[in-house]
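One structure is given below, encoded as structure tokens.
The values are calculated or read from the model by the stated rules, or taken from the named source; none is laboratory data. What you are looking at is a predicted structure, and each value in this text was computed from that prediction instead of being measured. Backbone-built Cβ (ideal geometry, glycine too); neighbour counts: all protein chains shown.
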Amino acid sequence: MPRPLPGEYLEYQANYIDLVQENEIRAAILHSLQELQRDLYTLNSSHGDLSYAEGKWTVKQVLQHAIDSERVFAYRAMCIARGEKKDLPGFDENAYSTSVDVSKRHVNDLCDEMLILRQATTHLFNNFTDDELRKSGSTNGYYILVNSIGYVLIGHWRHHWKILQDRYGVS
């Protein structure tokens with residue numbers, strides 16, 4: 001499956017898709033798994049409660065957001081690939097963030113959960129047929145292809161990893 005084209009995803013998602021240089025989703029998702037593992041293993045408990053400014057998420061909250069988003073994106077991809085015709089709901093990342101208490105969670109546990117989810121997502125996308133990757137559906141009232149969702153979820157992590165590096169000083 002080739003890279004998504006404009007019109008196969010929401011306009012704001014181009015920011016995520018542009019962060020994915022690979023031209024085929026299965027290769028991209030496999031590379032993203034290796035990259036994610038490398039990224040996550042640079043984090044440690046001293047990073048957990050870091051925030052770059054008052055009122056901004058901590059590193060643990062960023063990780064929880066990445067976990068929640070990975071679950072939502074993978075669910076959407078699976079539903080559309082299986083032929084779901086109903087509009088899938090959106091999610092409010094800020095409401096989700098304030099609904100979960102990460103204060104007692106350890107960074108390593110969050111990293112492990114994120115890595116396990118990406119492994120599951122990798123299996124999901126590697127087992128989609130080309131026809132399933134081309135299927136389209138609606139999320140929060142907007143048209144998107146399964147293939148595009150894969151690019152969005154890869155770019156979503158890359159976006160947040162860059163923020164963790166640039167604003168939180170994680171490297």
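Going by what's in this entry, would Gln119 be described as without any contact (Cβ under 8 Å) to a residue 12 or more places away in the chain and closer than 24 Å to Val146 by Cα? Against the criterion (without any contact (Cβ under 8 Å) to a residue 12 or more places away in the chain and closer than 24 Å to Val146 by Cα), Gln119 does not qualify. Residue pairs whose Cβ atoms lie under 8 Å apart, sitting 6 or more positions apart in sequence or on different chains, and linking a residue in segment 35-48 that is farther than 17 Å from Leu19 by Cβ to a partner that is of a type in the set (Ser, Thr, Tyr), are Thr42/Ser171; His47/Tyr168; Gly48/Thr58. The set of residues in segment 83-99 that are surrounded by fewer than 13 Cβ atoms within 10 Å (Cβ to Cβ), closer than 16 Å to His65 by Cβ and either more than 18 Å from the chain's Cα centre (by Cα) or aromatic (Phe, Trp, Tyr) (or both) comprises Thr98, Ser99. So for segment 51-71 (the condition being in contact (Cβ under 8 Å) with a residue 40 or more places away in the chain and on the phi > 0 side of the Ramachandran plot), does at least one residue qualify? Within segment 51-71, none of the residues are in contact (Cβ under 8 Å) with a residue 40 or more places away in the chain and on the phi > 0 side of the Ramachandran plot.
Does Met78 satisfy the condition of being free of Cβ contacts under 8 Å to residues at least 60 places away in the same chain, in contact with a helix residue (DSSP H, G or I) (Cβ under 7 Å, 6 or more places away or on another chain), over 20 Å from Arg167 (Cβ atoms) and buried (at least 17 other Cβ atoms within 10 Å of the Cβ)? Outline the logic, then answer.
Details: free of Cβ contacts under 8 Å to residues at least 60 places away in the same chain: yes; in contact with a helix residue (DSSP H, G or I) (Cβ under 7 Å, 6 or more places away or on another chain): yes; over 20 Å from Arg167 (Cβ atoms): yes; buried (at least 17 other Cβ atoms within 10 Å of the Cβ): yes.
For Met78, the condition - free of Cβ contacts under 8 Å to residues at least 60 places away in the same chain, in contact with a helix residue (DSSP H, G or I) (Cβ under 7 Å, 6 or more places away or on another chain), over 20 Å from Arg167 (Cβ atoms) and buried (at least 17 other Cβ atoms within 10 Å of the Cβ) - is met.
Tell me whether segment 157-170 contains one or more residues that are assigned to a loop (DSSP other than H, G, I, E, B) and within 22 Å of Phe91 (Cα to Cα). Among the residues of segment 157-170, not one is assigned to a loop (DSSP other than H, G, I, E, B) and within 22 Å of Phe91 (Cα to Cα), which makes the answer no.
Just one of the listed residues (Gly90, Gly55) is touching a strand residue (DSSP E or B) at 6+ places or on another chain (Cβ under 7 Å), of a type outside the set (A, V, I, L, M, F, W, C) and at pLDDT below 95, and it is Gly90. The residues listed here are Ser171, Ser136; of these, the one that is in contact with a helix residue (DSSP H, G or I) (Cβ under 9 Å, 6 or more places away or on another chain), over 10 Å from Phe73 (Cβ atoms), at pLDDT below 95 and surrounded by fewer than 13 Cβ atoms within 10 Å (Cβ to Cβ) is Ser171.
Which condition does Glu113 not pass, out of (1) within 14 Å of the chain's Cα centre (by Cα); (2) of a type in the set (Asp, Glu); (3) not in a helix (DSSP H, G or I), if it passes all the others? If we test Glu113 against (1) within 14 Å of the chain's Cα centre (by Cα); (2) of a type in the set (Asp, Glu); (3) not in a helix (DSSP H, G or I), just (3) comes out false. In this structure, Val102 does not satisfy being out of contact with any Phe, Trp or Tyr (no Cβ under 7 Å at 6 or more places or on another chain), β-branched (Val, Ile, Thr), surrounded by 13 or more Cβ atoms within 10 Å (Cβ to Cβ) and under 21 Å from Asp166 (Cα atoms).
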